[in-house]
Amino acid sequence: MKKNLLALCTALSLCAVGNAAHAQARITLVNLDGPNIGLNDPTPAAPIGGNPGRTLGQQRTIAYQYAMDTWGALLSSAVEIKVEASFAPLECVPGRIVLGQAAPISRIKASAVSAGGAADFEYPVALANALASRDLGVGSNDILTNFSSAIDTPSCQALGTQGWYYGLTGNAPFNTQERANFFNVIMHELGHGLGASGNSRFLGSLALRLAKSPWDGLAWSNTHSMSYNDFSVVDARMGVALTKPGQTVWKGRATNQMAALLADKRELLSITAPVAGLHEFVPADFGSSDLSPLKGEIVLVSDAVGQGAVDTHLGCDGSDGQPAIANGPTLAGKVVLIDRGVCEFSRKALSAQNHGAVAVIIANNVPETPLLAGPGTAASQVAIPVITVTQEVGGLLRGEAAVVAAGFATDANRFYGLDSTQSMRLFTPATYQPGSSFSHVDSDMTPDFLMEPAESKSVRADVAIDVALEMFEEMGWPTNRSGTAKLGGCDTTVPVYRDSFIPGANLVAQNNLCKASSANNRSQQLRCMNDHISALYAQSLLTSLEVAKARQCVAKL
């Protein structure tokens, strides 16, 4: 599990699954960028990854429209959904690089949606409109989104970013620089604006819930055995729940069933001495993916601190004004344990590697929280495997007696991203993160899910959305789960949604793109669609019968 630690944020300023197919939602872009910037940037660009745009602004707009058409094919609403979009210099500092943020522009009381609705329960405006089949926010747009213009700048790239990638067909083989996938990020942020965000949060030191909501009602605190809608508006218990890692879970049955099907069995670090045990870990987002060298004696790094000073075990080896490593010769051929703090994770790993370490374990410096180690400026130089552990596990891996690692073991009864009852965890790190905590799937999930708080190169939001549709249905969204893709009124028989995959939604979005980019050249439009159908078939996303029917529909365009 390798995650790119570029943050995806919500802006902070129940129905049964299996709905019948309805009219597709119409989602419209409202471009707020000025001339020559953001979505209007005239900088020349070569078409890439299925995106035919010839300027940066065109590629950004095309990717945005593709994402809106994809969500539109999956969801049902008789009311147009208007999405404000712009680029802005979002936060880019060591340890936190924000790619995008989004939020509903307004929330509508349930009493305005239907007779008998609770006055203290609110829906995001797009969902409220879909449920009421009328525009309850007349004269205003529905979703606010903006995306980072900073990650393409040298100062931000010095922190480990590679800028945006604008392809529409996943990252391979064109995203060779591992840039942040703009389409995936749009899909994620639109998810927030459509309703995947909660009302429970910290404002300063105060834990409060602004109003009851679909998300908060489905978020369950294992610590207190209650949903977040059941907390008081201002409630210290809620503050505890919001900072208990792994203890807030989703309670929708269909979502949890799908998550259990998708989640990988958990691999654990095996320690044989001095006390045998199995311990959770997280691979860093850099270094070798081959973890086999994590065997043998674990040696704790020592810093050359002044006489009488406490050893900090930071392993910065002179960088960031920190002391040199004092026990360098003892690290050769060993697995090296280093504490989090001060210098970048990759700097710590590189320092250990320079002293001959075969692998590195970085222990967190705050209780209970899993540690996701981002690449930093030295990542490309690190060739050994790097994993991270919690502060508690780090404490067990040091001591006077030799600690020996024996590789890894798979636990058939434990899964990434799920609690012991196989309920899907939500993201509640020990240190509250405004805009990220509570409104995401837990970053522990493997394989990576669309609604996790960090962008991942393995997500393919163009063809699969893991549990997102189940979550939306459980929040009340009408969907086209049982629908099929229709091209120009012709039914392709390709399901809009199939077991977390979205082949029909993809066909609808692609057809709109082929039509828009063909400049009224029918033969070009048909070739564009037939080539795409072949690509989906090559990925086993369409059956041969579906290919034949889809081609028949294309011929009628």
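The values are calculated or read from the model by the stated rules, or taken from the named source; none is laboratory data. Only a predicted model underlies this, so the values are computations on that prediction, with no experimental measurement involved. Positions of Cβ are backbone-derived with ideal geometry, glycine not excepted, and every protein chain shown enters the neighbour counts.
Side notes on the structure shown:
- Any chance Arg425 is at pLDDT 95 or above and within 28 Å of Ile271 (Cβ to Cβ): yes
- Applying a threshold of 6 Å to beta carbon distances and a minimum spacing of six or more residues, or different chains, the list of pairs starting in the stretch 529-549 at a residue that is outside the structural domain of Val463 (by TED's automatic domain parsing) and ending at one that is in a loop (DSSP other than H, G, I, E, B) and among the aliphatic types (A, V, I, L, M) reads Leu536/Leu542; Leu541/Val463.
- The requirement of being in a strand (DSSP E or B) and under 31 Å from the mean Cα position of the chain (by Cα) is fulfilled somewhere in the stretch 338-357, by at least one residue.
- Within the stretch 121-138, the set of residues being more than 25 Å from Asn480 (Cβ to Cβ) and either modelled with pLDDT under 95 or of a type in the set (Ser, Thr, Tyr) (or both) comprises Val138 only.
- Looking only at residues of the stretch 358-371 that are assigned to a loop (DSSP other than H, G, I, E, B), farther than 10 Å from Thr388 by Cα and not hydroxyl-bearing (Ser, Thr, Tyr), we find that the one that is modelled with the highest pLDDT is Val358.
- Cross-chain or 6+ apart pairs with Cβ under 8 Å, the stretch 195-212 first and under 15 Å from Arg237 (Cα atoms), then assigned to a loop (DSSP other than H, G, I, E, B) and among the β-branched types (Val, Ile, Thr): Leu208/Val233; Arg209/Val233
- Filter result (in a strand (DSSP E or B) and of a type in the set (Lys, Arg)) within the stretch 479-492: Lys486
- Checking each residue of the stretch 514-536 against the condition of being under 27 Å from the mean Cα position of the chain (by Cα) and either small (Gly, Ala, Ser) or at positive phi (or both) gives at least one match.
- Looking across the stretch 511-523, the residues that are over 22 Å from Val79 (Cβ atoms) and either touching a strand residue (DSSP E or B) at 6+ places or on another chain (Cβ under 9 Å) or not in a loop (DSSP other than H, G, I, E, B) (or both) come down to Asn511, Leu513, Cys514, Lys515, Ala516, Ser517, Arg522, Ser523.
- Qualifying positions in the stretch 391-437 - surrounded by 14 or more Cβ atoms within 10 Å (Cβ to Cβ), in a loop (DSSP other than H, G, I, E, B) and touching a strand residue (DSSP E or B) at 6+ places or on another chain (Cβ under 6 Å): Leu397, Arg398, Tyr416, Gly417, Asp419, Ser423, Thr428, Tyr432, Gly435, Ser436
- Some residue of the stretch 542-551 being under 20 Å from Gly72 (Cα atoms) and either of a type in the set (D, E, K, R) or surrounded by 21 or more Cβ atoms within 10 Å (Cβ to Cβ) (or both): yes
- Residue within the stretch 260-273 that is among the small types (Gly, Ala, Ser), closer than 30 Å to Glu400 by Cα and outside any helix (DSSP H, G or I) present: yes
Quick grid of which residues meet (1) in contact with a strand residue (DSSP E or B) (Cβ under 7 Å, 6 or more places away or on another chain); (2) of a type outside the set (Asp, Glu); (3) not in a loop (DSSP other than H, G, I, E, B):
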residue: Pro447; (1), (2), (3): no, yes, no
residue: Met451; (1), (2), (3): yes, yes, no
residue: Val494; (1), (2), (3): yes, yes, yes
residue: Gly504; (1), (2), (3): yes, yes, yes
residue: Ala509; (1), (2), (3): no, yes, yes
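- Those residues of the stretch 452-484 which are in contact with an Asp or Glu (Cβ under 8 Å, 6 or more places away or on another chain) and at pLDDT 95 or above, in sequence order: Glu452, Val459, Thr479, Arg481, Thr484
- Count of residues meeting criterion [under 22 Å from Glu189 (Cβ atoms) and either modelled with pLDDT under 95 or aromatic (Phe, Trp, Tyr) (or both)] in the stretch 3-48: 12
- Scanning the stretch 359-382 for residues that are closer than 27 Å to Gln177 by Cα and either touching a helix residue (DSSP H, G or I) at 6+ places or on another chain (Cβ under 7 Å) or β-branched (Val, Ile, Thr) (or both) yields Val360, Ile361, Ile362, Ala373, Gly374, Pro375, Gly376, Thr377, Ala378, Ala379, Gln381, Val382.
- From the options Ala357, Ala352, Ala379, Ala383, residue that is buried (at least 23 other Cβ atoms within 10 Å of the Cβ) and closer than 24 Å to Gly95 by Cα: Ala352
- Single match in Ser351, Ser458 (criterion: hydroxyl-bearing (Ser, Thr, Tyr) and more than 15 Å from Pro283 (Cα to Cα)): Ser351
- Qualifying positions in the stretch 438-447 - surrounded by 24 or more Cβ atoms within 10 Å (Cβ to Cβ) and of a type in the set (Asp, Glu): Asp442
- Verdict on Leu208 being farther than 24 Å from Phe472 by Cβ, modelled with pLDDT under 95 and either of a type in the set (Phe, Trp, Tyr) or more than 19 Å from the chain's Cα centre (by Cα) (or both): no
- For the stretch 524-539, the count of residues that are in a helix (DSSP H, G or I), touching a Ser or Thr at 6+ places or on another chain (Cβ under 8 Å), surrounded by fewer than 22 Cβ atoms within 10 Å (Cβ to Cβ) and of a type in the set (D, E, K, R) is zero.
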